[in-house]
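> Questions regarding the structure given below will be posed in turn.
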Amino acid sequence: MTEILNSISRCIEYGKIDRACPYPPDMKGQDGADELTKLAIESGVTPDQILEIALIPAMAIVGDKFSRKEIYVPQMLMSAKSMNSAMKHIKPFFQSGETKRKGKLIIGTVAGDLHDIGKNLVAMMIEGGGWEVLDLGVDVGTDKFLKALEENPGAAIGLSALLTTTMVNMKEMVKIIKDKYTDNKILIGGAPVTMEYCQEIGADFYSPDPQGAVNYLNQQIQ
Ligand code: B12
């Protein structure tokens, strides 16, 4: 069992999606996260074991490497895609209730803003960290976040903005959300966002990268 879990970990860390994927070159022709996860489940390894021993630790390594600038967006994207190919075999067990997630994050790019590459990466890394993610997409106004919160009590919120002109919308959004949902954590991020801005507008957390957000969410449940 350890051997297959180690192999899955390696696929996630180095971004090997499936056998057909030519990346990374030194793993060309080998099974990827897709085939190995399927095989692991068929061999009796539980989805929880795959998640806890292979996927989550591997994604944490990827996130840390990205924070330390040892890898860049393309590598992280390949790892996130490998994680998705493994998750597709695990998701049915979430739906049946057999496997539990740590909690839920509702994420979206704020009103007026169509940038979603960074937001998608954050969403994928948080999902890879064992959380359920509800992605509302781009150009998301306060009403849509409020509706999602009503339907998902206790969820954390993630706001992304890439434009200085849309970042300013976060202030009003955080105020309205916090007025109604005082205890729900709000994380913000995006290229123009800073820690000072986070403090100024009363959001709970800012991170320049996805792993910071994963670590923060994990701290909330300890
Ligand atoms: C790609 C891109 C586009 C693409 C977006 C495609 C897409 N699907 O996202 C397109 C071409 C559509 C586009 C359009 C525009 N863009 Co543009 N775009 C960029 C560009 C080149 C890269 C952004 C990106 O994806 N970066 C890579 C990702 C991985 O990084 P990231 O988003 O910062 O995310 C990371 C962190 O910030 C963090 N993070 C992100 N979100 C969150 C959320 C949370 C909760 C947390 C914790 C962390 C977090 O984690 C991510 C991973 O590390 C930037 C320049 C740049 N270097 O940033 C300009 C840039 C953002 N764009 C800019 C502009 C001006 C525009 C336009 C207005 C251009 C125009 N005149 O039409 C339009 C706006 C459209 C709109 N209404 O949104 C300016 C903004 C300037 C400013 N001060 O506001 C920039 C900075 C370019 C520039 N130097 O002028 N753009």
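> Could you say which residue among A40, A54, A58, A86 is farther than 30 Å from I157 by Cα and either in contact with a Ser or Thr (Cβ under 9 Å, 6 or more places away or on another chain) or crowded, with 20+ Cβ neighbours inside 10 Å (or both)?
A40
Yes/no matrix, rows are residues, columns are (1) in a helix (DSSP H, G or I); (2) under 18 Å from P210 (Cβ atoms); (3) at pLDDT 90 or above:
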residue	(1), (2), (3)
P92	yes, no, no
G97	no, no, no
I107	no, yes, yes
M124	yes, yes, no
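> Do you know which residues across region 1-45 are in contact (Cβ under 8 Å) with a residue 12 or more places away in the chain, more than 14 Å from M78 (Cα to Cα) and in contact with a Phe, Trp or Tyr (Cβ under 9 Å, 6 or more places away or on another chain)?
I41, the sole residue that qualifies.
> Assess whether K65 counts as being assigned to a helix (DSSP H, G or I), open to solvent by less than 60 Å² (accessible area, probe 1.4 Å) and either among the polar types (S, T, N, Q) or at pLDDT 90 or above (or both).
Spelling it out, K65 is indeed assigned to a helix (DSSP H, G or I), open to solvent by less than 60 Å² (accessible area, probe 1.4 Å) and either among the polar types (S, T, N, Q) or at pLDDT 90 or above (or both).
> Report yes if some residue within region 111-119 is buried (at least 17 other Cβ atoms within 10 Å of the Cβ) and small (G, A, S); otherwise report no.
yes
> Further question: Any idea which of (1) under 18 Å from G190 (Cα atoms); (2) buried (at least 20 other Cβ atoms within 10 Å of the Cβ) is the one G128 doesn't satisfy?
(1)
> To continue, here is another question. Within 10 Å of the chain's Cα centre (by Cα) and either free of Cβ contacts under 8 Å to residues at least 12 places away in the same chain or more than 11 Å from the ligand (Cβ to nearest atom) (or both): is that true of E132 in this structure?
yes
> Just checking, how many residues over region 205-222 are more than 18 Å from K69 (Cβ to Cβ) and of a type in the set (S, T, N, Q)?
Selection size over region 205-222: 4.
The values are calculated or read from the model by the stated rules, or taken from the named source; none is laboratory data. Remember, it's a predicted structure, so these values are computed and weren't measured experimentally. Neighbour counts are summed over all protein chains in view; Cβ atoms, including those assigned to glycine, are modelled from backbone coordinates with ideal geometry. Ligands, DNA and RNA are stripped out before the accessible areas are found, and what is left, the full protein with its side chains, is counted by its heavy atoms. Shrake-Rupley method; radii C 1.70, N 1.55, O 1.52, S 1.80 Å.
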